[in-house]
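Let me begin by presenting the structure, written as structure tokens, before commenting on it.
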Amino acid sequence: MPVPVPRQRAIPAAECGQAPPASPDGGPREERATPGNAPAENTTTRCASTTDPRDAAGGAHEPAAPDGPSASPTEKREDTTDHPDTTPPVNLTLLLIEDDPNGSPIVPGLLDQAGKPIRVRTARNLTEAERLLTDDVHCILLDLALPGPARGGDAADDDELAVLRHVLELAPRHAVLALTSAGDAERGAEAVAVGAQDYLLRDELDGRLLSRAIRYAVERKRSDWAERRLAEGRLHAQENARLERGLLPTPLLDGSPLRFAARYRPGRSRALLGGDFYDVVRTPDGTVHAMIGDVCGHGPDEAALGVELRIAWRALTLAGMCGDELLATLQQVLEHERSDEEIFATLCAVDISPDGTRAGLCLAGHPAPLLAGPDRPARLLPHDENGPALGLLPTARWPRAEVELGAEWSLMLYTDGLIEGHVGQGRERLGQDGMVEMVRRRFADGLRGEQLLQTAVNEVRDLNGGELTDDVAVLLLDRVPQVP
């Protein structure tokens, strides 16, 4: 079966770097819409790689001699290379929309800033202008005296600038120059207020003034468009930042003597929210519940799922659920909200007794928390009864282990992004043992709370030789006995 050959597309002059040359008298080349012909046949200049080279240069085909054979394509290409095109490529294209192009004020000698001729296309009405308005047009010169488009069955619109408004809607990314009479300068100023880059008086127009006005209008439109896109990008980024900041948790610890500190950094570039999530709340009986989790993956879908799990955990906790019952319900939420059956989440949940000396621990495939105190070195809490991650086993169970905390302690919950960073230039990673040793040293130096957490995160990043690639969430709770 033969392989279909793709059809060559017409490439605009602005894209391929070539365009028709100036007319023989040195003025701009004019292109007019011919009734009954497709616009691409009249107005679009093709690259030399898709047509005969002399077409791209603006030359005409030489007919074969009456008694001689026609030149072959190879001979034509060889003939073209013997006579290279000396006409500089046109950079700018002007579309003139005027009901009487033959009486237009366009004079020969329109040149761009580099001294190259400006190509001119002419259209007698808006219908022809729409055909000629291709991607390689840079500027539109519009006669404001042109009748506006009919609306609602009326032959003309009461709005004197209706034709300009229609062109601006038709070509929002093109520079537009308004052309008016000397006695109607006020109308030209109104055209600029509506959206034109400038206005010109017909009676005062000459080639030099028009060339300068075209260059100015094109550059101003480019600048305005770039500023608009930049402003839109900034607003979009600000909206995303406000949204993501609003989705981060606000700890509910009113009435608790525990001190709270947290660090959060998503792995995604220019993002404020990743697949890691955490939360801390205090229930009416005085119990402090803390949780940290990690949804597999790093995209916005995983970040959204993490927020859903965090909100569900807070609601269930405040409703009185705890331990295995709570995790089983969270797994149901995950199974219904995830976009793929292979997505899972790890989670560590801790409930601290009202007196602060004991805690219950449930692990769902998550690294065990770290506990440090003044009378004992930093260590990991028991993780022998670690259950599977949420979303892996439909009938899984997560046993709750009782842990003694003591009178004074620091409890650190973290995601695996903190311990999977490299150590130095090799392939060795920090791991849980390296993290425990690092916290042990810093704790012995007298660091506590916010200072301990900030120092630990900075040291992990320094050991990695730069920012960590995975999401990182760290939560630290401290209990310091009250002095009577």
Subject >> Computed lengthening from Glu169 to Arg441, 0.36 nm per intervening residue step minus Cα-Cα distance >> reply: 91.2 nm
Original post:
Carbon and sulfur: what percent of the range 116-224's accessible surface (1.4 Å probe)?
Top reply: 44
**OP:** Report in % the part of the accessible area of the range 297-344 that belongs to carbon and sulfur, leaving out ligands and nucleic acids; probe 1.4 Å.
**Re:** 51
**OP:** Keeping all protein chains in place, calculate the accessible area per residue for the range 318-407 (probe 1.4 angstrom), answer in Å².
**Re:** 48
**OP:** Could you do me a favour and compute the accessible area per residue for the range 442-483, 1.4 Å probe, result in Å²?
**Re:** 47
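The values are calculated or read from the model by the stated rules, or taken from the named source; none is laboratory data. Everything numeric here is computed off the predicted structure, so don't read it as measured data. Side chains are part of the model used for accessible areas, which takes the heavy atoms of the whole protein and leaves out ligands, DNA and RNA. Shrake-Rupley method; radii C 1.70, N 1.55, O 1.52, S 1.80 Å.
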